[in-house]
Amino acid sequence: MPNPQLTYYDLGAQVVAFSTTRHGGCSVGNYAAFNINNYCGDEAAHIAENRRALAGLLGIDDSHIVMPHQVHGTEVRRVDAPQQEVIEGVDAVMTDVPGLCIGVSTADCIPIIIYDPQHHAACAVHAGWRGTVKRIAEVAVRAMCDTYASVPSQMRAVIGPGISLESFEVGDEVCQQFADAGFEMSRIARKYAKWHIDLPLCNRLQLEGVGVTDVRLSGICTYQQCNDYFSARRLGINSGRIFTGVLLR
């Protein structure tokens with residue numbers, strides 16, 4: 001039986017927040033060893049076994065693990081019950097229902113967990129560079145405010161494992177999109193042989209810009225630590241994905 005090895009984040013006594021690592025699963029090759037993403041080419045039997053192991057570790061049924069099929073957009077979906085069908089075209093999911101584990105998949109993109117302790121509600125966000133340019137972190141905060149009456153100054157957020165500025169080399173056209181979106185380029189970009197963008201900082205600045213002051217960074221670069229966390233840039237797109245989830249107790 002797989003034994004998933006997780007990286008945990010302390011957001012409160014009644015919330016379990018984590019990112020999976022590559023360790024403790026049954027997948028093989030570039031999916032080794034722990035992957036529960038259905039959309040990256042891994043074997044269905046391995047995904048199912050890993051998923052059951054994660055559910056067992058969390059003390060829930062595996063139907064209570066909710067993961068959308070992401071498209072690098074900005075749609076945020078409220079989830080109040082286990083999902084019988086795929087949540088298609090959604091890049092952030094939120095809930096205030098105990099016993100549901102909501103999460104997103106990444107492999108260099110930036111996963112964000114937002115927790116509102118006053119209303120015991122949470123949101124998991126997938127912020128690739130496209131979603132970051134579209135300010136999905138801001139969209140998620142506003143969705144929680146609209147849905148749960150959350151107050152940004154009371155929220156806690158963690159930015160999980162993702163590619164660092166040093167490793168995220170981009171073309172001029174990508175850099176220009178960040179500039180056009182109003183980002184302060186002197187803070188989030190650096191020119192080496194090519195431009196590099198600091199995605200974790202971009203998302204932290206978005207959260208702080210809408211009033212979330214308690215923002216924590218994991219400091220984990222997936223590209224540099226690809227033995228422990230999946231990195232599509234190092235392993236190719238036919239590889240596993242990190243699952244960053246949050247479970248309300």
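Every number here is computed from the coordinates shown, using simple stated rules; none is lab data. These numbers come from a predicted model, not from an experiment. Please note: Cβ atoms are built from the backbone with ideal geometry, for glycine as well, and neighbour counts cover all protein chains shown.
Data overview
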{"quantity": "Net charge dipole size for the chain [Lys, Arg +1 and Asp, Glu -1 on Cβ; Debye, nearest 20]", "calculated": "400 debye"}
{"quantity": "Residue-averaged [θ]222 nm for the chain, counting only DSSP H segments that reach four residues, each worth -39500 (n - 2.57)", "calculated": "-7000 deg cm²/dmol"}
{"quantity": "Interchain or long-range residues, amide H under 5 Å from Arg77's placed H", "calculated": "Ala92, Val93, Met94"}
{"quantity": "5 angstrom amide H check on Trp195, placed H, neighbours 5+ away", "calculated": "Val170"}
{"quantity": "Pairwise label distance in nanometres, Val28 with Asp146, each label 7 Å out on the Cα-Cβ vector", "calculated": "4.7 nm"}
{"quantity": "Selection from Cys175, Ala127, Ile114, by position along the positive dipole direction of region 109-175 (Cβ)", "calculated": "Ile114"}
{"quantity": "Distance (nanometres) between label positions extended 7 Å along Cα→Cβ at Arg233 and Lys191", "calculated": "1.9 nm"}
{"quantity": "Share antiparallel - DSSP beta bridges, region 17-123, percent rounded to 5", "calculated": "45 percent"}
{"quantity": "Percent of C-alpha pairs per 5 Å bin, the chain, short to long", "calculated": "1, 7, 15, 19, 20, 17, 11, 6, 2, 0"}
{"quantity": "Inter-centroid distance (Cα atoms) of region 1-76 relative to region 100-125, Å", "calculated": "13 Å"}
